[in-house]
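These notes concern the structure reproduced below.
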Amino acid sequence: MQMGLPIGSMLAIGVTALITNLMGGLNGNGWRVIYGLGCLPALLLLPVAWTTPESPVWLARTTSTAKRTAVADLFRGGNARGLLLALSFIFFAQYIYWGVITWTPTFLVSVKHLAFIRGLSFVLSQQIGSLLGFLVFASLVDRLGRRPTFIAYLVIGAISVAVLLQQSDPEVLLATMFFTGFGITGIFAGMGPFTAEMVANTSARGLAMGIAYNGGRIGGLIAPVLIGALATSESGFVAGMATTVAAFVLAIGVILLCPETLGTEIS
């Protein structure tokens with residue numbers, strides 16, 4: 001399911017490159033055309049949303065006469081600790097993802113001095129890495145466990161961003177971009193199972209997962225703003241991007257506090 005993210009991103013990169021070439025850049029109406037085309041996927045999703053059936057689990061619960069779980073149960077039976085850990089981990093993961101993904105194109109042009117259209121090929125390499133990252137994560141997470149797979153991806157991502165900050169060789173950067181996508185984006189393949197298993201003792205799991213995942217988006221709000229505020233010079237831009245390396249370390253610290261949830265049964 002998560003593979004749709006890099007596939008959609010690669011399609012967007014292709015559209016951007018095409019419009020840039022046809023219209024001589026994104027100035028003027030170029031960016032408006034791209035934004036206009038961006039409406040099409042939303043329109044295509046309408047019939048999908050309309051015809052997709054509701055979850056059998058949800059339908060069963062709506063017709064059940066059993067007592068429903070109270071929201072307060074999210075903070076009982078060990079759920080509070082699991083919810084807090086999941087929220088903290090996703091906070092740092094979102095900080096890393098949105099910090100790096102949002103600012104990478106500008107960073108390549110402003111600090112690495114790549115032409116915009118050439119920089120798109122580097123972003124494409126990042127998305128190919130994301131696609132492969134999802135596939136590899138899915139093949140490993142039920143064999144090695146959640147914690148070791150998460151940690152391995154975080155280490156790969158941290159090393160890749162560190163190299164991105166230090167290197168200017170185009171070939172090295174191209175490979176680095178692949179591994180940033182692999183580690184930073186691929187890790188989200190495990191977020192669904194992880195958040196569900198961290199709050200396994202409640203039937204209000206959808207709410208708990210929503211709190212953990214979307215509460216973690218606060219990190220995704222802070223990162224682009226903070227990095228943008230620091231990016232008033234090349235050195236400031238590098239310092240801003242370097243904050244994501246600190247977020248990698250903190251994310252590893254949080255995941256080490258989390259229990260291994262491989263094999264957890266949820267109902």
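The values are calculated or read from the model by the stated rules, or taken from the named source; none is laboratory data. The model shown is predicted, which means the values in this text are computed figures rather than measured ones. Neighbour counts are summed over all protein chains in view; Cβ atoms, including those assigned to glycine, are modelled from backbone coordinates with ideal geometry.
Key figures for this structure:
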item: Residue in region 106-117 that is at pLDDT 90 or above and buried (at least 17 other Cβ atoms within 10 Å of the Cβ) present; result: no
item: Positions within region 36-62 being surrounded by 10 or more Cβ atoms within 10 Å (Cβ to Cβ), of a type in the set (Gly, Ala, Ser) and closer than 27 Å to Gly129 by Cβ, in sequence order; result: Gly38
item: Selection from region 221-267 of residues that are surrounded by 14 or more Cβ atoms within 10 Å (Cβ to Cβ), of a type in the set (Gly, Ala, Ser) and within 21 Å of the chain's Cα centre (by Cα); result: Ala223, Gly228, Gly240, Ala242, Ala247, Ala251
item: Check on Leu164, within 14 Å of the chain's Cα centre (by Cα) and either over 17 Å from Gln94 (Cα atoms) or surrounded by fewer than 17 Cβ atoms within 10 Å (Cβ to Cβ) (or both); result: no
item: Flag if Arg61 is basic (Lys, Arg), in a helix (DSSP H, G or I) and under 22 Å from Gly190 (Cβ atoms); result: no
item: Any hit, region 175-192, residues being surrounded by 19 or more Cβ atoms within 10 Å (Cβ to Cβ), free of Cβ contacts under 8 Å to residues at least 40 places away in the same chain and β-branched (Val, Ile, Thr); result: yes
item: Some residue of region 44-58 being closer than 30 Å to Thr244 by Cβ, more than 27 Å from the chain's Cα centre (by Cα) and in a helix (DSSP H, G or I); result: no
item: Residue match in region 4-26 (condition: more than 14 Å from Leu120 (Cβ to Cβ), assigned to a helix (DSSP H, G or I), modelled with pLDDT under 90 and of a type in the set (Ser, Thr, Tyr)); result: no
item: Where Val33 falls short, out of the listed (1) within 30 Å of Val161 (Cβ to Cβ); (2) surrounded by 14 or more Cβ atoms within 10 Å (Cβ to Cβ); result: (1)
item: Qualifying residues in region 234-264 (those that are among the hydroxyl-bearing types (Ser, Thr, Tyr) and touching a residue at least 24 places away in the same chain (Cβ under 8 Å)) - the one farthest from Pro224 (Cα to Cα); result: Thr264
